[in-house]
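Read-outs throughout are calculated quantities, based only on the coordinates presented, and are distinct from any laboratory measurement. Treat the numbers as computed from the prediction; the structure is a model and nothing was measured. For neighbour counting, all protein chains shown are included, and Cβ atoms are generated from backbone atoms with ideal geometry for every residue, glycine included.
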Amino acid sequence: MTHPRTDTEVVVTGLGMVTPAGCDRESTWSAIRAGRTSAAPDPALAGLPITLSCRVPDLVGDRPILHGAGSAYLDPVARFALAAVAEALEHAGLGPQSWDGGRVAVVVGSGLGGLTTQDTALASLAEGGAGSVSPYFHPGYLINMAGAQIALRLHITGPGLTVSTACASGATAIGVARDLLAAGSCDLALACGAEAGISRLTVAGFTQLGALSPRGSRPFDTDRDGFVIGEGAAALVLERADHAAARGVRPLARLLGYGASTDAFHVVAPHPRGEGAQTAILCALTDAGVMPRQVDHVNAHGTSTPDNDRIEAAVLGRLFPHRPPVTSSKGVTGHSLGAAGAIEAALTVLAIRDGVIPPTAGTEHITPTIDADADIVTRTERPVPVRTALTNSFGFGGHNAVLVLAAP
């Protein structure tokens, strides 16, 4: 999908994260830079063929946004989203007292919605019949409810959207939010990716597809054999540049481009030559007005599955012969599914901020063909001035979403 070029400059002014690596932005970033994996045996998955997961540590309960009527019944996906948004707004110096709620948009990306609420309701139905199902089932389970809770608790009455493009959902949400700003539908947007999909059924299904590793994530490694399921959320505060300037705020980064495509090849397998991924990358670069040689860093989708990593690296080799340094954060966080694109976009902003490319955790021996195509950063972080960066997100169903971010 190409976008008409617009003179509207959109900037990132706040970041918030809740991940298996930490319940805030800087603790997550510290673990990513250190290459410290969060994968561990999960007691809730005991008895299944795969028992590894990357769980978010317990959220601290003193965040005001997590309190109030109905908070006890919030699904974890909404709790993750709310906590990430609250941190992003604090980072940006924004809140309901400082805005016209009708000029604020909320766009949330999620692949699965409130699975914990669903599991609880199914168990209640089986044990006690229909009358035992909580009236909070639908408000917790429906996929739009994380976004609805954000709007409700922050008094936001502008556009509210939930997008679902599987593992590309978080990046798609950021792109859609950018487009709302460019269209003049809002002055600022809260873009969030959130997922709380670690359940026995989800893990069993991915196991049957051969997608999960029993040993740990190792993106682009010769011995990669699947991903580790994760969870979490990230939120980005996006504003028109003139709106941020009027507030006297220096942006963290500029969101220059967004590209999207669909493979139309297979329900779960990527196109064997990565044609859809390549199209999305080229659309994002065109939208940004950036030449491939200007890209200094790529945050790869890098799932640690055999086909995805090989195909993604081949696309990068074709488009970026100057070999910008590449990383995947999934060795630390696991694959957080619909939240991954937003988490990785936030990490890309931090790479721009600090001028450092984190290592690809778990990766020791890069497949030779991949090594020929892409410069994968491993073992330790690499100091690199990052002016322009790309972040890739690809999902089941052939959904591809790519973002171009640049230094302010």
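So for the range 107-255, taking the charge dipole from beta-carbon charges (+1 Lys/Arg, -1 Asp/Glu), which of A166, L212, I150 sits furthest toward the positive end?
I150
Across the range 10-246, what fraction of all alpha-carbon pairs, as a whole percent, falls in each successive 10 Å bin from zero upward?
All Cα pairs, binned at 10 Å, distribute as 8, 30, 34, 20, 7, 0 percent.
Quick one: dipole size for the range 69-209, taken about the Cα centre, charges +1 on Lys/Arg Cβ and -1 on Asp/Glu Cβ, in debye to the nearest 20.
About 80 debye.
In bins 10 Å wide, starting from 0, what share of all Cα pairs of the chain does each bin hold, as a percent?
Each 10 Å bin holds this share of Cα pairs: 5, 25, 35, 24, 9, 1, 0.
Rounded, prolate or oblate: which one fits the range 322-385, using the alpha carbon gyration tensor with axes a ≥ b ≥ c (rounded when a/c is under 1.5, else prolate when a/b beats b/c, else oblate)?
oblate
Report, by chain and number, residues whose modeled amide H sits under 5 Å from the one on L212, excluding near sequence neighbours (fewer than 5 apart, same chain).
Close amide H contacts, sequence-distant or interchain: F227.
Roughly how many debye, to the nearest 20, is the charge dipole of the range 257-406 about its Cα centre, given +1 on each Lys and Arg Cβ, -1 on each Asp and Glu Cβ, and no other charges?
So the dipole magnitude of the range 257-406 works out to roughly 220 debye.
Counting other beta carbons within 10 Å of each Cβ, put T117, T202, T28 in order, fewest first.
T202, T117, T28
Which of the trypsin sites (Lys or Arg not before Pro) found in the range 249-349 are loop residues per DSSP with 13 or fewer other Cβ atoms within 10 Å of their Cβ?
R273
Please report the antiparallel percentage of the DSSP beta bridges confined to the range 272-408, to the nearest 5.
Taking every DSSP beta bridge with both residues in the range 272-408, the antiparallel ones total about 60 percent.
In sequence order, what are the phi-derived ³J(HN,Hα) couplings for the range 316-327 according to the Karplus relation 6.51 cos²θ - 1.76 cosθ + 1.60 with θ = phi - 60°, rounded to whole Hz, with x for glycine and proline?
Per residue, the Karplus-derived 3J(HN,Hα) values read 4, x, 5, 8, 10, x, 7, 6, x, x, 10, 9 Hz.
So if each residue of separation counts as 0.36 nm, and I subtract the Cα-Cα distance between A126 and M291, what length gain in nm does that give?
Extra length from A126 to M291 when fully extended: 53.7 nm.
In nm, what is the difference between 0.36 nm times the number of residues separating A46 and R200 and their Cα-Cα distance?
54.5 nm
In the range 3-87, what trypsin sites (Lys or Arg not before Pro) fall in a loop by DSSP, with at most 14 other Cβ atoms inside 10 Å?
Taking the range 3-87 and a limit of 14 other Cβ atoms within 10 Å, the loop trypsin sites (Lys or Arg not before Pro) found are R5, R36.
What fraction of the DSSP beta bridges in the chain is antiparallel, stated in percent and rounded to the nearest 5?
So the antiparallel bridges in the chain amount to around 65 percent.
Tell me, what ³J(HN,Hα) does each residue in the range 69-83 have, in order and in whole Hz, if you take phi through Karplus 6.51 cos²θ - 1.76 cosθ + 1.60 with θ = phi - 60° and put x for Gly and Pro?
Going residue by residue, I get 4, x, 5, 5, 9, 5, 5, x, 5, 6, 4, 4, 4, 4, 5 Hz, with x marking Gly and Pro.
Kirkwood Rh, Cα Rg: Rg to Rh for the range 51-163?
Value, to two decimals: 1.01.
Around T305, with a cut-off of 12 angstrom between Cβ atoms, what is the net charge of the other residues, counting Lys and Arg +1 and Asp and Glu -1?
-1
Which of the three applies to the range 147-187, rounded, prolate or oblate, going by the alpha-carbon gyration tensor with a ≥ b ≥ c and a/c under 1.5 meaning rounded?
Verdict is oblate for the range 147-187.
For the chain, with only Lys/Arg (+1) and Asp/Glu (-1) charged at the beta-carbon, what is the dipole magnitude about the Cα centre, in debye rounded to 20?
Charge dipole of the chain: 420 debye, to the nearest 20.
In terms of the Cα gyration tensor, with a ≥ b ≥ c the square roots of its eigenvalues, is the range 257-406 rounded because a/c is under 1.5, prolate because a/b exceeds b/c, or oblate?
rounded
Quick one: Karplus J couplings for the range 151-166, per residue in order, coefficients 6.51, -1.76, 1.60, θ = phi - 60°, nearest Hz, x for Gly and Pro?
Using θ = phi - 60°, the values come out as 4, 4, 7, 10, 6, 9, 10, x, x, x, 9, 10, 10, 9, 10, 6 Hz.
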